[in-house]
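Reviewing the structure listed below.
The values are calculated or read from the model by the stated rules, or taken from the named source; none is laboratory data. Given the structure is predicted, the values throughout are model-derived calculations rather than measurements. Reconstructed Cβ throughout: ideal geometry from the backbone, glycine too, with neighbour counts over all protein chains shown. What goes into the accessible areas is simple: the full protein's heavy atoms, side chains included, and nothing from ligands, DNA or RNA. Shrake-Rupley method; radii C 1.70, N 1.55, O 1.52, S 1.80 Å.
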Amino acid sequence: MPVKNRFSEMLPEITEWRRDIHENPEILFETHRTSALVAEKLKEFGCDEIATGIGRTGVVGVIKGKSNKSGKTIGLRADMDALPIFEATGLDYASKTPGAMHACGHDGHTAMLLGAAKYLSETRNFDGTVVVIFQPAEEGGGGGREMCEDGMMDRFKIDEVYGMHNWPGKPVGSFAIRPGAFFAATDTFEIKVVGKGGHAAKPQETIDTTVMASHLVIALQTLVSRNSDPVQQMVVSVTSFETESKAFNVIPETVTVKGTVRTMSTEMRDLAAKRLPEIAEGVAQTFGGTMDVNYMMGYPVMVNHEEQTEFAASVASKVSGNCEDAPLVMGGEDFAFMLEERPGAYILVGNGDTAPVHHPEYNFNDETIPAGCSWWAGIVEERLAG
């Protein structure tokens, strides 16, 4: 089952959809135009059922096969939202919305799943039901969680669910996957460091929050170097250090420190959530100040299911000739919520030699479309073979 000829024929049409979405990016749950476009296309394709407003602005389409002796339902998921980035590609179809950009390729994911939905609606060469899932707010909003909390899995009787993401640096149309933990849990923290402000010439009369916060930044790295198992994965990054004063001669009363913790297991995640406030409290006591810690759980570890991963890899190998072992990814992915509710797998498809995702010069590679669509279709036609 190499790349299907039908998708090569459809490439100009799918590319047109993709570039239209790219030109009109929408952030988080504000995917109103994109969701309306998706619903319109699914109706045009002849989907048996179209549901909108799931997970606020998510869209679901139902496509029934020629038969349903299997009684099985496969879910296919694409994300629709953009990022709050100013685009710097110079493309003739670049973002028309200042400060918003499809810098992660969700425009390509949506277009590829639309292409697969059109093909599957035309052929219906499978025994069972396909549910195509178009999700908002993957980029930090937890749209996958909200669609699940809206009862999507039970409402549409989804048995398994599959997702895909483009990957710059891998050859166009190639695939990579791994079983088990794949993408990291992504938690965040905000720590308000409180001391006693004063004149920079009289530090002895203050409790210096900049010194306290500086020691905190260093101490937090002991979560990785002295608290976690060396063979486990953990990344702690302080990404913001902001004082309440911008003056040269003022020791500020407060400093706010923000950052992120990435882990690859529940054990390490729980350890970080416990130890980070304890470390902050210890530093505060050392200097005579206080620290108010807000530790926020984000996306859980995304875990591919063993049997579904093996199947997804076999389909990918038939499309591209090979499917490589993917590395662990310390970025987060809220497809994790769907994989907590149903067995399934998430795969990477090559985007070629392009700028990395989340970069102002990134662009989804339209040459990836036939392979991505063929994988979606292959998942359905092989899993629901009559």
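Place a +1 charge on the Cβ of each Lys and Arg in the chain and a -1 charge on the Cβ of each Asp and Glu, then give the dipole magnitude about the Cα centre in debye, rounded to the nearest 20.
On the way: 34 positive and 54 negative charges, 66 e Å.
The dipole of the chain has a size of about 320 debye.
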Taking a straight Cα-to-Cα line shorter than 24 Å from Lys157, and setting aside same-chain lysines fewer than 8 residues away, one finds Lys41, Lys43, Lys64, Lys66, Lys69, Lys72, Lys118
For Lys196, counting only lysines whose alpha-carbon sits under 30 Å away and dropping same-chain residues fewer than eight positions off, the answer is Lys246, Lys258, Lys274
Two pseudo-spin positions, 7 Å from Cα along C-beta at Leu91 and at His199, lie apart in nanometres by 5.8
Given the candidates Met264, Asn365, Thr73, the one whose Cα lies deepest towards the positive end of the charge dipole of the chain, counting +1 at each Lys or Arg C-beta and -1 at each Asp or Glu C-beta, is Thr73
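Give me the percent of DSSP beta bridges within the chain that run antiparallel, rounded to the nearest 5.
65
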Expressed in angstrom and rounded, the centroid-to-centroid distance over alpha carbons for the range 301-322 and the range 331-368 is 15
Once phi for every residue in the range 325-330 is put through the Karplus expression 6.51 cos²θ - 1.76 cosθ + 1.60 (θ = phi - 60°), the whole-Hz ³J(HN,Hα) values, with Gly and Pro written as x, are 7, 7, x, 5, 10, 7
Filtering trypsin sites (Lys or Arg not before Pro) in the range 202-310 by DSSP loop and by at most 14 other Cβ atoms within 10 Å leaves Lys246
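Would you work out what percent of the accessible area of the range 37-100, with all protein chains in place, is carbon or sulfur (probe 1.4 Å)? Please list the in-between numbers first.
Values: 1450 of 3000 Å².
Carbon plus sulfur share of accessible area: 48 percent.
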Among the Cα-Cα pairs of the chain, the proportion with separation greater than 28 Å, in percent, is 50
With only helices counted (DSSP H, runs n ≥ 4, each -39500 (n - 2.57)), the per-residue ellipticity at 222 nm for the chain, to the nearest 500, works out to -11000 deg cm²/dmol
Cα-based Rg then Dmax for the range 181-289, in Å, read 15.6, 52
Phi-derived 3J(HN,Hα) across the range 352-357 with the Karplus relation (6.51, -1.76, 1.60, θ = phi - 60°), rounded Hz, x for Gly and Pro, is x, 7, 10, 4, x, 5
So Asn125 and Ala355, fully extended at 0.36 nm per residue minus their Cα-Cα distance, gain in nm 79.0 nm
Stretched fully, the stretch from Val250 through Asp48 gains (0.36 nm per residue minus C-alpha distance, one decimal, in nm) 66.1 nm
Two pseudo-spin positions, 7 Å from Cα along C-beta at Lys274 and at Arg155, lie apart in nanometres by 3.9
Contact order relative to length for the chain, counting C-alpha pairs under 8 Å separated by 6 or more residues, stands in percent at 25
Checking rank on 152-159, 53-60, 7-14, with mean other Cβ inside 10 Å and highest first, the result is 53-60, 152-159, 7-14
A student applying the Cα gyration tensor rule (rounded when a/c is under 1.5; otherwise prolate if a/b is larger than b/c, oblate if not) would label the range 69-168 oblate
Given Cβ charges of +1 for Lys and Arg and -1 for Asp and Glu, the option among Gly144, Ser95, Thr129 whose Cα lies farthest towards the positive end of the dipole of the range 63-156 is Thr129
In terms of the charge dipole of the range 161-242, which places +1 on Lys and Arg and -1 on Asp and Glu at the beta carbon, the residue among Thr222, Gly198, Ser174 farthest towards the positive end is Ser174
